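Below is the structure I would like to discuss, written out as structure tokens.
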Amino acid sequence: MNIIVVGCGKIGTTILESLVAEGHDVTAVDNRIAPLNDITNIHDVITVCGNGGDCETLEEAGVEKADLVVAATGSDEVNMLCSYLAKRMGAGNTVARIRNPEYNDGSLLPMKQHLNISMAINPDKLAAQELYHILRLPSAVKIETFSGRKFEMIEIKLKEESPLVGMPLFEMRSKFKAKFLICVVQRGEEVFIPDGSFVLRGGDKVGLTATHSEMQKLLKAVGTIKKQAKKVMILGGSRTAFYLAKRLIAAGVDVKIIDKDRETCEHLCEMLPTVTVICGDGAQQELLMEEGLAGMDAFVSLTGMDEQNILLSFFAASHQVPKVIPKVNRPELGTLALQLGLDCVVSSRNIIADLLVQHARALENSMGSSVETLYRLMDDGAEALEFKVKDDLRLVRIPLKDLQTKSQVLIAGILRGRDTIIPAGDDVILPGDRVVVITAGRRLNDLADILK
């Protein structure tokens, strides 16, 4: 597809890199020449230097032939104007990055309709959503949800003493009396879609699928369940902190936010009256201890500095805080933090990139069983995709054991109305189902792509 990405900051560049890796023809637009030069040194893309809210710039970028325009500048207003103009000038679909909480309340839907925006993305809100899910199930290092939270996939890191270690997968469901599926395993640099004879080892990162209740049952049975966080300290009063705190207090969690900017603190006090807001420098360890860090169930570091988020998370972990999560946008620093011992990091850049890849694949394949949800797993070594099934005679009403599927592909779940099916060989796919597929080393656009 022909795609234009307007705005080449951190988010825009990550989106661009993901779309280029997918094989799309991408044009980058920014009003600064330096980031455009950096992009052309690495990627084979067309660049246009200019204002994305200007008709002449969009015309030079080829907007009339664009299948998708992604407006990801630092200004919500420019993004909305760019999307509106792009659609009026002939672009097929538009995506706008809209961060301001005032725009993300009740006015977002009518605004999208009036401006003809296909999709609005809010990296801060999406990052807060991922953080909330992890705090709700702290045993996981990552949680992905499908079909409105009816079905979950979690990643956990196995310790040497885990009862799952040394056991073939085919024995597990009978032993632990829970309906679940181990569908992907990362061992060092290798990623596996395991069969029934696969044996887990300590240190493996394991992807599990199940309903929420069955997942809780399994984690309790294997002794890895941790209690939900009821006291959470958040460092940094960012938009992500605001969205996260709002969700946590609605769930009855005691929240404390620390930020050194007085104006930010006053704004948070006004918007979140039940949250304790401390004006001070959270990088000072004495302040964290004075504010009760050691008694917290979780510590979330959301400052604008990746390095500070990582270091203070290690400090919190050293004081036995059960769950620590830094927000880390630079991939190399996120990988380093995990290698040094943190079990979990969150990146809004990666969340947005996954969402745009999902959207692009769905647009490419609007006639088939299109991609409804897409997540990258296991440090990008695998993907989880949710497809809505149409009446494809190659797939439907055939027992799964009789389907000739490609290697490194696994059907991990079937969602049928209100029922969630952890599939076995005799199960079948029906029209209207939603099917979750895990794949390693393959790019799937359509559910039929799993077949040989």
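What is the residue count in the stretch 322-362 for residues that are over 23 Å from residue 203 (Cβ atoms) and of a type in the set (A, V, I, L, M, F, W, C)?
Residues flagged as over 23 Å from residue 203 (Cβ atoms) and of a type in the set (A, V, I, L, M, F, W, C) within the stretch 322-362 amount to 8.
Considering the stretch 6-59 alone, what residues qualify as being free of Cβ contacts under 8 Å to residues at least 40 places away in the same chain, in a helix (DSSP H, G or I) and charged (D, E, K, R)?
If the condition is that a residue be free of Cβ contacts under 8 Å to residues at least 40 places away in the same chain, in a helix (DSSP H, G or I) and charged (D, E, K, R), then 38, 56, 59 are the ones that fit.
Against the condition closer than 30 Å to residue 311 by Cβ and in a helix (DSSP H, G or I), how does residue 224 come out, does it pass?
No.
Given the conditions (1) open to solvent by less than 70 Å² (accessible area, probe 1.4 Å); (2) of a type in the set (A, V, I, L, M, F, W, C); (3) outside any strand (DSSP E or B), which single one is not true for residue 3?
It is condition (3) that residue 3 fails.
How many residues, within the stretch 349-388, are outside any helix (DSSP H, G or I), open to solvent by 10 Å² or more (accessible area, probe 1.4 Å) and among the β-branched types (Val, Ile, Thr)?
1
Of the numbered conditions (1) out of contact with any strand residue (DSSP E or B) (no Cβ under 8 Å at 6 or more places or on another chain); (2) among the β-branched types (Val, Ile, Thr); (3) at pLDDT 95 or above, residue 335 satisfies every one except a single condition; which is it?
Unmet for residue 335, out of (1) out of contact with any strand residue (DSSP E or B) (no Cβ under 8 Å at 6 or more places or on another chain); (2) among the β-branched types (Val, Ile, Thr); (3) at pLDDT 95 or above: (3).
Out of the residues in the stretch 426-452 meeting the condition of being modelled with pLDDT of 90 or more and in contact with a helix residue (DSSP H, G or I) (Cβ under 8 Å, 6 or more places away or on another chain), tell me which one is most open to solvent (accessible area, probe 1.4 Å).
426
So that you can scan it fast, the table gives a plain yes or no per residue for (1) at pLDDT 90 or above; (2) within 23 Å of the chain's Cα centre (by Cα):
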site: 101; (1), (2): no, yes
site: 108; (1), (2): no, yes
site: 142; (1), (2): no, yes
site: 145; (1), (2): no, yes
site: 155; (1), (2): yes, yes
site: 158; (1), (2): no, yes
site: 189; (1), (2): no, yes
site: 194; (1), (2): yes, no
site: 197; (1), (2): yes, no
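OK, next. Give, as residue ranges, the strands (runs of 3 or more DSSP E) completely inside the stretch 265-346 that count at least 2 residues that are over 24 Å from residue 11 (Cβ atoms) and open to solvent by 30 Å² or more (accessible area, probe 1.4 Å). Walk me through how you get there before you give the answer.
Working: elements: 276-279, 298-301, 323-326.
Per the criteria, 276-279.
Moving to a separate point now. Determine, yes or no, whether residue 219 is assigned to a helix (DSSP H, G or I), of a type outside the set (Val, Ile, Thr), crowded, with 19+ Cβ neighbours inside 10 Å and at pLDDT 90 or above.
Answer is no for this residue.
Is it the case that some residue within the stretch 232-243 is modelled with pLDDT under 95 and over 30 Å from residue 103 (Cα atoms)?
Among the residues of the stretch 232-243, not one is modelled with pLDDT under 95 and over 30 Å from residue 103 (Cα atoms), which makes the answer no.
Answer yes or no as to whether residue 47 is under 24 Å from residue 112 (Cβ atoms), open to solvent by 20 Å² or more (accessible area, probe 1.4 Å), modelled with pLDDT of 95 or more and not charged (D, E, K, R).
No, not satisfied.
Follow-up. Take the residues in the stretch 288-310 that are in contact with a strand residue (DSSP E or B) (Cβ under 9 Å, 6 or more places away or on another chain) and aliphatic (A, V, I, L, M), then tell me which one is farthest from residue 230 (Cα to Cα).
310
In the stretch 356-413, which residues are without any contact (Cβ under 8 Å) to a residue 40 or more places away in the chain, closer than 19 Å to residue 154 by Cα and over 20 Å from the mean Cα position of the chain (by Cα)?
Answer for the stretch 356-413, where residues must be without any contact (Cβ under 8 Å) to a residue 40 or more places away in the chain, closer than 19 Å to residue 154 by Cα and over 20 Å from the mean Cα position of the chain (by Cα): just 411.
The values are calculated or read from the model by the stated rules, or taken from the named source; none is laboratory data. What you see is a predicted model, and the numbers here were worked out from it, not measured in a lab. Quick reminder, even Gly has a Cβ in these numbers, built from the backbone with ideal geometry, and neighbours come from all protein chains shown. In case anyone asks, the SASA skips ligands and DNA or RNA and just uses the protein heavy atoms, side chains included. Shrake-Rupley method; radii C 1.70, N 1.55, O 1.52, S 1.80 Å.
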